[in-house]
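Data first, discussion second: the structure below is written as C-alpha cells.
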Amino acid sequence: MPQAAGSDGMKSKCVVIGGLSRQDIEKRLAAAPVELNDYARVLLAHKIFDSVSLAEPVNFASFRLQDLGLRQPATLKTIFERATSRGLALCPPAAGPYLRLATLDQQNSVNAVLSAGKNPSDSLTISSLPLGGDDFPKGFYLRVVDGVPWLRGYRCDDAYEFAPEDAFIFMVPGLG
C-alpha cells in the first residue's frame with residue numbers, strides 16, 4: 001500500500017460517515033463555518049442526502065497521485081483503477097461534508113487563486129463515483145483559502161487529466 005501524503009494532505013484518519021440529515025449537515029457546515037461553491041450546493045441537493053444513513057466509522061487517507069505510481073497526468077478512471085489495485089477504495093458518495101467537518105485543520109492553500117482547467121493548489125479531491133451524468137458535478141474537494149475551509153464541488157469530463165502532484169482522499173480498508 002502507498003504511503004499517505006502527510007503534510008501535503010490529510011494524515012490517516014477515522015471519520016464517522018452518515019447519521020445526519022441534510023439539514024443537520026448544512027447546519028454543521030454553516031456553524032464550522034465552511035463555505036460552499038455552487039457545485040457543492042448542487043451535490044448536497046442530491047437525493048443521496050435525502051435519507052439518513054447509518055453512522056459508520058471509516059478510515060481515510062490522502063495520497064498524491066505520484067505516491068500511487070502515477071508519474072504522468074491521469075484521468076479519474078486511471079486514478080481510481082490504480083488506487084483500487086493498490087488496496088485503496090473509493091469513498092462513499094456522501095462522504096464529502098463529513099470529511100470537510102473532520103478536517104477543519106487542513107493547511108491553508110499557498111495560492112488563493114482558483115484556476116479554471118486545473119486542480120487548485122493544496123486541494124484534496126475526494127475519490128468517489130459521480131452521482132450524475134456529464135452535466136452534473138463529479139464530486140467534492142476540500143480546500144482552505146485565507147483561513148476559511150471550503151467544501152467545493154467540481155466538474156470535469158472523462159478526458160480531463162489530474163497532475164501527479166494532485167492529492168486524493170481514499171478509504172483505507174483495514175487501517176487502524
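Which ones in region 149-162 are out of contact with any strand residue (DSSP E or B) (no Cβ under 8 Å at 6 or more places or on another chain) and modelled with pLDDT of 95 or more?
Across region 149-162, there are no qualifying residues.
Looking only at residues in region 94-112 that are touching a Pro at 6+ places or on another chain (Cβ under 8 Å) and of a type outside the set (Ser, Thr, Tyr), which one is modelled with the lowest pLDDT?
ASN111
Filter region 39-69 down to the residues that are touching a residue at least 40 places away in the same chain (Cβ under 8 Å) and surrounded by fewer than 20 Cβ atoms within 10 Å (Cβ to Cβ) and list them by number.
Those that are touching a residue at least 40 places away in the same chain (Cβ under 8 Å) and surrounded by fewer than 20 Cβ atoms within 10 Å (Cβ to Cβ): TYR39, ARG41, VAL42, HIS46, ILE48, SER53, GLU56, PRO57, ASN59, GLN66, GLY69.
The values are calculated or read from the model by the stated rules, or taken from the named source; none is laboratory data. A quick note: this is a predicted structure, and the numbers were derived from the prediction, not measured. So basically every Cβ, Gly included, is an ideal-geometry build from the backbone, and we count neighbours across all protein chains shown.
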